[in-house]
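Here's the structure we're looking at; comments come further down.
The values are calculated or read from the model by the stated rules, or taken from the named source; none is laboratory data. Worth saying up front: this structure is predicted, and the values here are computed from it rather than measured. Ideal geometry is used to build each Cβ from the backbone, glycine not excepted, and the neighbour counts take in all protein chains shown.
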Amino acid sequence: KDESPIGFIKDNLPNVKYFDNCLSWNREGSVGFVFWHKHRFTTNDHHRPLIVKPEFEKVIDLNYMKFIIQEMLFSQGFSWSKTASKDKVEQLKIKIPVDKKGNYDLRAQQEISAKLQKIEQIKSTLYNELDKITGANIAID
């Protein structure tokens with residue numbers, strides 16, 4: 001939920017592939033959620049890494065991609081019974097802002113992701129308040 005690791009795997013184990021500072025998505029289970037792992041991690045078949053190619057690292061904002069890819073996965077109707085396999089995800093086309101010269105616009109991505117982050121914070125606050133309201137007991141004498 002908050003992208004914190006829930007467990008640890010010993011580093012540098014043989015035959016274990018590790019990733020660092022990249023996105024990942026749940027392809028099974030809670031399908032569609034995208035996470036930005038800012039730490040070294042490993043994964044399994046239910047959780048797949050999304051790695052930006054080196055030539056795009058300086059022009060792609062991972063926070064923007066996290067929001068846009070997650071929105072795309074949810075809009076495609078992936079669920080427990082409709083898994084988001086690597087083959088299916090590879091077919092998705094996402095929109096990335098470009099500048100007047102046709103280059104990826106990093107600043108626009110950052111502005112959009114900041115707005116989307118703010119919306120997520122507001123939603124979270126509203127959900128928390130709604131939980132308080134629905135869980136409230138009022139004694140009427």
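Quick notes on this one:
- Restricting attention to region 16-35, the residues being hydrophobic (A, V, I, L, M, F, W, C) and assigned to a loop (DSSP other than H, G, I, E, B) number 3.
- Test: residue 18 is among the aromatic types (Phe, Trp, Tyr) and over 14 Å from the mean Cα position of the chain (by Cα): yes
- Here 28, 55, 90 are screened, and the one residue that is of a type in the set (D, E, K, R) and touching a His at 6+ places or on another chain (Cβ under 9 Å) is 28.
- Matching residues in region 21-32 - criterion: being surrounded by fewer than 19 Cβ atoms within 10 Å (Cβ to Cβ) and either under 17 Å from residue 113 (Cα atoms) or among the hydrophobic types (A, V, I, L, M, F, W, C) (or both): 22
- Members of region 39-69 that are modelled with pLDDT under 90 and of a type in the set (Asp, Glu): 45
- Tally of residues being outside any loop (DSSP other than H, G, I, E, B) and among the basic types (Lys, Arg) across region 54-106: 3
- Residue-level check: of (1) of a type in the set (A, V, I, L, M); (2) under 18 Å from residue 21 (Cβ atoms); (3) surrounded by 15 or more Cβ atoms within 10 Å (Cβ to Cβ), residue 116 misses just (2).
- Only residues that are more than 17 Å from residue 34 (Cβ to Cβ) and surrounded by 14 or more Cβ atoms within 10 Å (Cβ to Cβ) were counted across region 57-106, and they come to 5.
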